[in-house]
Each structure stands twice: as C-alpha cells, then as structure tokens.
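Below you'll find the structure, written out as structure tokens, and then a few comments.
The values are calculated or read from the model by the stated rules, or taken from the named source; none is laboratory data. Computed from a predicted model, the values in this text were never measured in an experiment. Virtual Cβ from ideal backbone geometry, glycine too; neighbours counted across all protein chains shown.
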Amino acid sequence: MKSRNKRMMMILAMFIAVMVGLAACSGEESTTSQPSNTSNTGNDNNSDEVSGDEQVLNLTAGEPTALNPGQANYSQDQLITNNIQEGLMRKGLDGATLEYGLAESYEVDGFTYTFKIKEDVIWSNGDPITAHDFEFAWKEAMDPRNASPYSWLFELIALENAAELAYMEVPEDESEAETNIQAAKDAVGIKALDDTTLQVTLTRQHPAFLELTAFPTFFPVNQAFYEQVGGLDGYATEADTMLYSGPFAISEWSHDEKIVLVKNDKYWDKDAVKLDKIVFSDVADENTQVQLYSSNGVDAIRVPNDYVDQYKDSEEATQYARIQTWWFVLNMEADGVEGEFLRNEKFREAMAIGVNREELVNVAFGGLHVPGTGLIPPGLAGATPDQDYRSANPEHTDFLAYDFERAQQLLEEAKAEVGQDLPTLGLSIYERQSKEAQYLQEQYRKLGVNLEITVTDSKIRKSLFNSRDYHIIYAGWFADYDEPSTYLDLFSSTSGFPKNGFAMDEYDALLEQTQNTTDKEEKYKLYAEMESLVLSNFSFIPMSHDGFYSLQKSYVKDVAVHSTGPSRTYKWAYISGK
Amino acid sequence: MGKYLLRRFAFMIITLWVIITISFFFMKLLPGTPFDDERIPEAVLENMMAQYGLDKSIPEQYVLYLTNVVQGDFGVSYRIKNRDVTTIIAEKFAPSAIIGIHALIISVPLGIILGMIAALRRGTAIDYAAVGFAVIGFAIPSFVVAVALQYLIAGNGLLPSALWGTYKHVILPSIALALSMFAYYARMMRSEMLEVLGQDYIKTAKSKGLSRPVIIFKHAFRNSLIPIITSLPVVILFTISGSLVIEQIYSIPGLGTELVKSVLSRDYTVSMGLTLFYAVMYIVALFIVDILYSVVDPRIRVAGGSE
C-alpha cells in the first residue's frame with residue numbers, strides 16, 4: 001500500500017512539474033512578443049500620456065494569403081499591398097480620381113503608352129525604382145509557372161501577346177519550358193526603354209487600363225532582391241523578404257495574428273503620410289469585431305449584417321454601395337422536368353417579374369441593399385462623368401418590374417407548354433443569404449413555385465456550377481474595375497463564366513464591336529444593348545445590389561475608400577481629437 | 001514490459017497509417033478545389049493545380065503524400081503562399097497550449113478541492129451549492145461563457161475583449177475554457193470521494209482509531225484521485241491542442257482557428273497535417289493512460305504487462 005502511494009505521488013509530482021515547465025516556456029514566449037505591442041493593442045485605458053494624438057490606427061484584416069503583388073488575390077492581400085507598394089498610378093483621396101504614383105507622366109500614341117517614372121523614387125533598401133522593376137513584375141505575374149490568379153488582367157487590358165504567355169501550357173521538360181516562356185516574355189508588349197521610360201503596347205484601347213495600373217498585380221518588384229530571397233517561393237513571405245515602394249512598410253508580421261505597418265521613410269511622398277503606424281489584427285469572428293470596436297480595441301469595422309439595425313443610425317456609421325449585383329442563375333442545362341421548366345422562357349420571365357424587389361430589400365436587408373435593376377450595379381461609371389451607367393439606362397428596370405398577375409399567367413402558360421406539373425426546384429445559397437433566401441422562398445411559394453433551399457460554401461458552389469448539377473444558384477459578381485465591361489465581358493461565350501447554358505452569337509458580336517469602338521458614347525450604347533440581351537433572356541435574374549455599413553471612430557480622418565479594387569488607402573489618413 | 005511497449009508502438013504506427021489513408025481519401029471526396037475564383041481561366045487553373053501536384057492522379061498523390069509524411073514533410077499550405085504545414089502547426093500550438101495550460105491549472109485543482117469539500121459535507125448547503133454549480137457549469141456551452149465574459153468584464157474595460165499578445169489577453173479565454181472542466185472535475189471528485197469513503201478500508205482505518213485528517217488525506221483522497229489521474233493525459237493533450245470555439249471568439253491564433261480556416265478553404269495539406277497532429281496526440285495520450293493504469297492501480301493489469 002505504501003509503495004503504491006509513493007509511486008502515485010511521484011507521478012502526480014511529475015505531472016505538476018511538466019505543467020509548470022510548459023507554463024514557464026509559454027510564459028517566456030508571451031513576454032518576448034510583448035514589448036512590440038503593449039502600446040497598441042486592445043486596452044488603451046492607459047494611453048493618456050500622449051500629448052497631441054498618437055498617430056496609430058488599429059484595424060482588422062485577415063491573414064494575407066500573398067503579399068507578392070503578382071500573387072495578391074484576396075481582399076486583405078490587396079488592401080495591404082495597396083498601402084505598402086505603389087503602381088504607376090494611384091487612386092486619390094476621393095477614392096476614384098487617378099493621380100500619378102511612381103509615374104511622373106505618360107504619353108499615348110495609338111495603343112502605345114509611354115510612362116516616365118519619377119527620377120528620385122527608391123525602394124525601402126535604397127535601390128532606385130526603375131522601369132525595369134515594372135517590366136520584371138508584370139512578366140513574372142504572367143509567367144505560367146507562377147500561375148498568378150490575376151494574370152488574366154493582362155489579357156483583359158489587351159496587352160500585346162499577354163494571353164500567349166499567361167495561358168501557355170507549361171512543357172514537362174524544364175529547359176524546354178524555360179526557352180518557350182522566355183520567348184513568349186520577349187514578345188509581350190511591355191518594355192523598359194531605359195531606367196525611367198516604360199513602354200506598354202496594347203492591341204486595342206481598354207477603358208480600365210490606367211485604373212488597373214493602380215491595382216496590385218501591376219505593381220513593381222525589384223528583380224535582384226526577389227531572386228536573392230528565393231524568387232516566388234521566398235519573396236514577400238515575411239516582413240524582411242520584401243521591399244517596399246509605398247507609403248508604409250511592414251515592421252512586424254505575426255502570421256494569423258497581426259500585421260504592423262509603419263511609415264516608409266523612403267517613400268517619395270512621405271510628407272503626405274501622417275500615420276506612424278497601422279495595426280491590422282486578424283479577427284475572424286464578426287461578433288468579436290463588434291466587441292473590439294465598442295471597447296476601442298479597433299478603430300473601424302464593417303458592420304456585420306446582424307448588427308445593422310443596432311448601428312445604422314450611429315454617427316460613426318457610413319453606408320457604402322458595394323459595386324456588386326446578386327442574381328439568381330437559372331440552369332438551362334439542368335436534367336429532368338426541372339430542366340424543361342428552366343429552359344422555358346415564360347417560366348424564367350415569371351421568375352423575374354414575380355418578386356417584389358422593393359419589399360425584398362426592405363424586409364430582408366433592412367434597407368441595406370437596393371433593389372436589383374439590371375446586371376450592372378449603380379455607381380459604375382457611365383459615358384459621362386456626371387451620370388453613372390445605371391441611371392443612364394432606367395428602361396432596363398422594366399425587364400424586372402414586379403407584376404404578380406402577369407407572372408402567374410406566364411407560369412400557367414409555361415406549365416401548359418411543358419405539359420407537366422412544376423416540381424420543387426433547388427435553390428443553392430451561401431449561409432449569410434439565408435434571410436433573403438427565406439423571404440424569396442415565401443414570395444415564390446405564393447406565385448406557385450416551390451423552392452428548396454440548400455446552404456453550400458463557395459467550394460461546393462463552384463463544383464455545382466461546373467457539373468451543372470443545380471437548378472438555381474443565388475450568386476453575385478463584384479466589379480473588378482470601374483467600367484461596365486467588368487460585367488459585360490462575363491457573358492461572352494468564350495469567357496467560361498456563364499455556367500447555365502447562356503451563350504449568344506449576337507452578344508459576342510456586340511462585345512467585339514465595343515472592343516473596337518473608341519467613341520465612348522457609341523460604346524455605351526452597345527453596352528446597353530448587350531445588357532438588355534442578357535436581361536431579356538431571364539437566365540440571370542438580378543435581385544439586389546449590395547451595400548454595407550462601416551463604422552469608423554470619429555477621430556479617424558481622411559481614409560480613402562474605393563468602390564473597386566483594393567478597398568482602402570491610408571496614405572493621407574490621420575488621427576485627430578481622440 | 002519492453003515487448004509490450006514495442007507491440008504498442010507498432011500498433012500506433014498502423015493506426016496512424018489508417019488515419020492518414022482514410023482522411024486523405026475523405027479529403028479528396030470533398031467537392032471543390034483550393035482554387036475557386038470564378039474568373040481564373042482554365043489554363044491558369046491547370047497551371048495552379050500543377051504547381052501543387054494536384055494534376056496527378058489521386059493514387060499518385062497518395063503515394064507522394066505518404067512518402068513525404070514518412071520523411072517528416074507535410075507539404076505547404078494551399079491558401080497561404082509558401083507557408084509549410086509544420087511551421088504553421090508549430091506556431092499555432094503555442095497560443096493554444098498557453099491557454100490550455102492556464103485553464104488546466106485553474107480548473108483541475110479547484111475542481112478537486114470543491115468536489116472534496118462537497119463530498120465531506122455531504123447533504124449540507126455547501127454540497128448542494130457545489131453540485132448545482134457543477135451541473136450548471138458543465139451544461140452552459142463554452143461560447144456562452146466566452147461571450148458573457150466579453151460583455152461583463154471586457155465591456156467594462158477591465159481586460160481586452162479579444163486578440164493576442166500580452167498576458168492580459170490570456171486571462172478571459174483561459175477562464176472560459178476552464179469553467180466546464182472545473183465543473184467536470186468537481187463532480188467527478190465528489191462522486192469518487194463518496195464512493196471511497198464508503199469502502200471497507202476506510203471503516204478499518206476509522207476503527208483503528210486514525211484521526212480524521214489522516215483518513216481523509218492519506219486514504220480517501222489518494223484513492224479518489226485514481227480515475228482523475230488516469231483521465232488527465234487525454235484531457236491535458238486535448239486542452240492544450242486548442243478549442244475551436246474559444247479561439248474563434250477571442251480571435252486567438254491557435255490550432256482551433258487554423259483547423260476551421262483550413263477546412264473551409266480546402267487547404268488539404270493543413271487539414272491533413274492537423275488531423276495527423278491530433279491523431280498522434282490522442283494515440284500518445286491513450287498510451288500514457290494505459291501505462292498509468294498499470295502503475296497506479298495494481299488491480300488493473302494490462303494484458304501482457306505482468307509477463
């Protein structure tokens with residue numbers, strides 16, 4: 001008995017020792033990271049020693065998936081890249097007007113742009129930023145071995161021979177691949193004529209070209225440094241394996257925890273930068289974000305949908321339009337009786353006009369969204385600066401105008417044509433769409449269309465789209481740049497975007513025509529025609545256009561907000577009256 | 001004993017291989033790929049798949065993965081460029097372990113003390129209060145506790161409501177994680193103690209005229225601890241390997257948060273790495289439990305243990 005107890009006590013003692021030992025190690029770990037953030041994290045109750053305002057901004061952003069400009073993909077990647085790097089152009093404080101970034105001027109001759117790079121601009125290590133850095137970065141982003149998620153932008157702007165490089169099938173043999181890719185790179189229409197002259201050759205005019213030079217994929221990379229840190233596998237994976245060309249530089253990057261930006265003293269326009277520090281904490285949970293905002297742990301958040309009612313009247317809340325359209329995608333390639341209905345034009349029209357969008361946005365979105373009026377959301381640029389595309393084409397709304405009786409009648413006609421009863425149709429949604437989906441389900445039930453809702457994530461959705469194994473998907477599209485073609489390019493038969501059987505020769509012909517039209521007014525007329533072709537097909541049925549509320553403490557000033565591309569620029573931001 | 005250990009070890013390896021195989025193929029059954037941007041052209045997608053070896057056939061991928069795992073290489077994340085899985089797990093383990101250890105230090109001793117007091121004061125108000133606490137503490141889900149603490153304590157500016165970095169950030173999540181364990185151990189200790197107190201040897205001790213403290217601490221207490229000690233390895237390893245809910249709510253960069261992210265984004269390599277990590281933890285814990293049983297309680301001998 002005695003020896004047993006002794007043994008037991010020894011084991012207990014061992015456990016305690018191990019636990020204490022572990023606690024000691026971990027204690028050390030938490031203290032080493034302490035000095036760097038005591039001044040800026042959550043509890044700011046003791047920061048009253050500051051005279052004037054401490055120029056520190058606390059924000060949230062997810063862990064970037066890539067900060068190599070050519071690989072930046074997710075919104076957090078683009079947000080941070082936009083603030084630590086700079087392109088030829090940059091969007092200004094008003095959020096939209098283009099200003100010169102690293103470029104000093106440009107000339108256009110036909111479809112050829114010649115940019116003059118500023119003379120005195122340098123990287124954070126002191127190396128000059130040259131035209132070669134742009135040529136290298138663009139070609140690296142197009143290199144098919146690097147499989148950049150945004151390499152299609154180079155094809156989009158019609159950069160000469162970009163598609164041949166970006167979409168090349170990489171040969172198995174490495175040296176053969178190298179030769180082929182090098183040859184394709186030499187043919188691409190971007191060339192540094194000397195250190196400060198960059199020539200870009202397009203094959204036609206693209207309306208968004210200049211705007212896109214302010215987009216991360218088009219930012220410069222210093223080749224010597226890039227190769228020194230291991231190229232694609234090494235560049236921008238840590239704070240010290242990248243160089244900075246923008247207003248800020250990363251001083252600390254704790255993966256999945258936070259990223260700290262500090263003012264970049266080597267930035268050409270550093271006098272305009274007032275913030276000393278920006279801390280982006282990775283906070284995935286929306287409730288936690290609200291908690292942090294209300295306890296002054298962060299200075300700005302996007303209001304989660306569940307909190308809209310609580311915060312929308314707050315003085316710190318601003319409503320923004322997100323340039324996005326949500327639509328029902330009706331699968332005209334579905335099997336069975338369901339497919340027969342979905343292929344029936346009268347049925348599709350009944351779906352389009354059988355729902356009251358005014359009520360939808362008020363009941364299901366609490367007024368956050370605006371009723372769907374077309375494919376192209378309000379706010380996207382029109383032919384003239386004073387009128388956006390949507391308000392210039394009010395008649396397109398007629399395709400979607402609510403007419404319950406006519407919808408019922410069309411539905412009956414469709415049933416007669418198909419000769420069968422309408423089965424229940426599947427509706428696939430994201431979890432966050434459940435409120436509006438339930439509302440729509442109820443509306444359509446009144447009409448006589450029964451929908452069965454399934455919640456899927458984006459991965460499953462993608463495979464449903466590809467396999468055509470769905471009836472209706474509640475999907476959407478967010479504008480990549482501020483011009484209608486960001487939507488209208490999607491519906492061509494070659495884009496691969498419509499995964500419901502939509503394809504029209506007439507549409508393709510019109511699209512080609514717009515690409516060869518330089519007259520803006522003429523081009524926008526064609527755009528309107530194209531939009532009405534898609535709308536009157538009723539296989540993409542716009543429901544609403546997105547909007548959201550942002551909360552930002554009143555002491556945060558001059559944050560530039562962009563409706564397309566990277567969401568914010570903090571170059572001019574400052575803290576006042578905290 | 002040596003033979004026994006060897007056999008156990010071989011069995012562990014086989015278990016791991018089965019787990020790797022099953023989870024590998026299950027993961028491949030999930031629809032979708034790690035790359036789901038609707039706008040990426042097919043040609044680029046194919047190059048992306050090739051970059052990560054996803055263009056190969058599934059049996060080929062399996063053999064490749066198994067070969068790499070044997071060599072200790074768990075691959076790189078598909079979501080975060082150029083981050084290898086081993087580094088991710090190593091980095092995320094620290095925050096999870098810090099919170100887990102704090103929770104254990106709070107909950108286990110307190111639970112044992114409360115359970116003991118309740119047992120010794122059986123039928124009194126203290127006992128009922130302790131039992132009530134144990135039932136409620138165990139029944140309230142940890143996310144409710146976590147959010148309540150955020151509102152009550154962080155809301156008043158006493159402690160940070162979330163994030164990570166200083167010691168202050170450790171306190172609330174540790175308490176939230178500790179509460180149910182505290183209640184669990186209080187209940188367990190109480191019932192064990194009551195059972196032991198009814199045993200013959202306690203009566204013997206009493207009739208021998210031993211003093212109450214000697215009976216309680218030397219005989220009753222030690223014997224009531226047996227089931228608690230044998231349950232500890234599993235609880236410890238699980239507690240320090242992260243809680244999905246608590247980490248999510250307090251925005252802690254730990255293993256739990258990582259697991260959720262990796263599954264949602266089809267980050268196969270990270271999900272597989274974490275699955276394996278948890279499996280190893282669990283198998284090791286069970287192994288320790290087996291040994292503990294044979295050491296702590298001679299009445300229980302594992303088959304072959306006494307050969």
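Let me spell it out: the conditions are (1) at pLDDT 90 or above; (2) within 30 Å of residue A:98 (Cα to Cα); (3) in contact with a helix residue (DSSP H, G or I) (Cβ under 6 Å, 6 or more places away or on another chain), and residue A:389 meets all of them except one. Which number is the exception?
So the condition that residue A:389 fails would be (3).
Determine whether the stretch B:10-31 contains at least one residue that is surrounded by fewer than 18 Cβ atoms within 10 Å (Cβ to Cβ), within 11 Å of chain A (Cβ to nearest Cβ) and at pLDDT below 90.
yes
Given (1) modelled with pLDDT of 85 or more; (2) on the phi < 0 side of the Ramachandran plot; (3) not charged (D, E, K, R), identify the lone condition not met by residue B:209.
Just one mismatch for residue B:209, condition (2).
Return yes when residue A:487 is modelled with pLDDT of 95 or more and closer than 30 Å to residue A:213 by Cα and no when it is not.
For residue A:487, the condition - modelled with pLDDT of 95 or more and closer than 30 Å to residue A:213 by Cα - is not met.
Output the qualifying pairs, or none if there are none: Cβ atoms under 7 angstrom, residues six or more apart or on different chains, first residue in the stretch B:142-154 and facing chain A (nearest Cβ under 8 Å), second residue part of a loop (DSSP other than H, G, I, E, B) and not acidic (Asp, Glu).
B:150/B:161; B:154/A:295; B:154/B:160; B:154/B:161
Could you check the stretch A:355-395 and list, in sequence order, the residues that are in contact with a His (Cβ under 9 Å, 6 or more places away or on another chain), assigned to a loop (DSSP other than H, G, I, E, B) and under 15 Å from residue A:435 (Cα atoms)?
A:369
Which ones in the stretch A:233-260 are over 26 Å from residue B:252 (Cβ atoms), within 10 Å of chain B (Cβ to nearest Cβ) and crowded, with 21+ Cβ neighbours inside 10 Å?
A:235
Residue B:160 - would you say it is in contact (Cβ under 8 Å) with a residue 40 or more places away in the chain and either within 21 Å of residue A:60 (Cβ to Cβ) or touching a strand residue (DSSP E or B) at 6+ places or on another chain (Cβ under 7 Å) (or both)?
So residue B:160 fails the test.
Looking at the stretch B:225-241, is at least one residue under 27 Å from residue A:259 (Cβ atoms) and in contact (Cβ under 8 Å) with a residue 24 or more places away in the chain? Before you say what the answer is, go through the steps one by one.
Taking the stretch B:225-241 first, the residues under 27 Å from residue A:259 (Cβ atoms) are B:240-241.
Right, trim to in contact (Cβ under 8 Å) with a residue 24 or more places away in the chain and you get B:240-241.
Checked against the condition, which is being under 27 Å from residue A:259 (Cβ atoms) and in contact (Cβ under 8 Å) with a residue 24 or more places away in the chain, the stretch B:225-241 yields at least one hit.
Being closer than 23 Å to residue B:52 by Cα and not in a strand (DSSP E or B) is the requirement here; does residue A:77 meet it? It would help to see each step written out before you state the result.
Working: closer than 23 Å to residue B:52 by Cα: yes; not in a strand (DSSP E or B): yes.
It is true that residue A:77 is closer than 23 Å to residue B:52 by Cα and not in a strand (DSSP E or B).
Would you tally the residues in the stretch B:243-266 being more than 10 Å from chain A (Cβ to nearest Cβ), crowded, with 24+ Cβ neighbours inside 10 Å and at pLDDT below 90?
Total satisfying the criteria: 2.
What's the number of the only condition in (1) assigned to a helix (DSSP H, G or I); (2) within 14 Å of another protein chain (Cβ to nearest Cβ) that residue A:324 fails to meet?
Unmet condition: (1).
Taking the stretch A:427-474, which residues are of a type outside the set (Ser, Thr, Tyr), closer than 30 Å to residue A:526 by Cβ and in contact with a Ser or Thr (Cβ under 9 Å, 6 or more places away or on another chain)?
A:472, A:473
Please count how many residues of the stretch A:109-154 are of a type outside the set (S, T, N, Q) and within 22 Å of residue A:66 (Cα to Cα).
21
Could you tell me which numbered condition residue A:332 fails, if it satisfies all but one of (1) closer than 30 Å to residue A:462 by Cβ; (2) assigned to a strand (DSSP E or B); (3) away from chain B (no Cβ under 14 Å)?
The single condition residue A:332 does not satisfy is (2).
Exactly one of (1) part of a loop (DSSP other than H, G, I, E, B); (2) under 22 Å from residue A:565 (Cβ atoms); (3) modelled with pLDDT of 95 or more; (4) among the hydroxyl-bearing types (Ser, Thr, Tyr) is unmet by residue A:65. Its number?
With (1) part of a loop (DSSP other than H, G, I, E, B); (2) under 22 Å from residue A:565 (Cβ atoms); (3) modelled with pLDDT of 95 or more; (4) among the hydroxyl-bearing types (Ser, Thr, Tyr) applied to residue A:65, the lone miss is (3).
State yes or no: is residue A:263 over 29 Å from residue B:93 (Cα atoms), more than 14 Å from chain B (Cβ to nearest Cβ), surrounded by fewer than 21 Cβ atoms within 10 Å (Cβ to Cβ) and not hydroxyl-bearing (Ser, Thr, Tyr)? So that I can check it myself, show each step before the final result.
Values: over 29 Å from residue B:93 (Cα atoms): yes; more than 14 Å from chain B (Cβ to nearest Cβ): yes; surrounded by fewer than 21 Cβ atoms within 10 Å (Cβ to Cβ): yes; not hydroxyl-bearing (Ser, Thr, Tyr): yes.
Against the criterion (over 29 Å from residue B:93 (Cα atoms), more than 14 Å from chain B (Cβ to nearest Cβ), surrounded by fewer than 21 Cβ atoms within 10 Å (Cβ to Cβ) and not hydroxyl-bearing (Ser, Thr, Tyr)), residue A:263 qualifies.
Give the number of residues within the stretch A:299-308 that are over 19 Å from residue A:573 (Cβ atoms) and out of contact with any Gly (no Cβ under 6 Å at 6 or more places or on another chain).
Adding up the residues that qualify gives 5.
Going through B:57, B:96 one at a time, which residue ends up being within 11 Å of chain A (Cβ to nearest Cβ), of a type in the set (Gly, Ala, Ser) and over 15 Å from residue A:462 (Cβ atoms)?
One residue alone meets the criteria, B:96.
Can you tell me which residue is farthest from residue B:143 (Cα to Cα) among those in the stretch A:286-300 that are surrounded by 23 or more Cβ atoms within 10 Å (Cβ to Cβ) and more than 8 Å from chain B (Cβ to nearest Cβ)?
Here the answer is A:299.
Okay, residues lined up against (1) within 14 Å of another protein chain (Cβ to nearest Cβ); (2) buried (at least 17 other Cβ atoms within 10 Å of the Cβ); (3) outside any strand (DSSP E or B); (4) touching a Phe, Trp or Tyr at 6+ places or on another chain (Cβ under 8 Å):
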| residue | (1), (2), (3), (4) |
| --- | --- |
| A:406 | no, no, yes, no |
| A:413 | no, no, yes, no |
| A:426 | no, yes, no, yes |
| A:438 | no, no, yes, no |
| A:466 | yes, no, yes, no |
| A:470 | yes, yes, yes, no |
| A:476 | yes, yes, no, yes |
| A:506 | no, no, yes, no |
| A:510 | no, yes, yes, no |
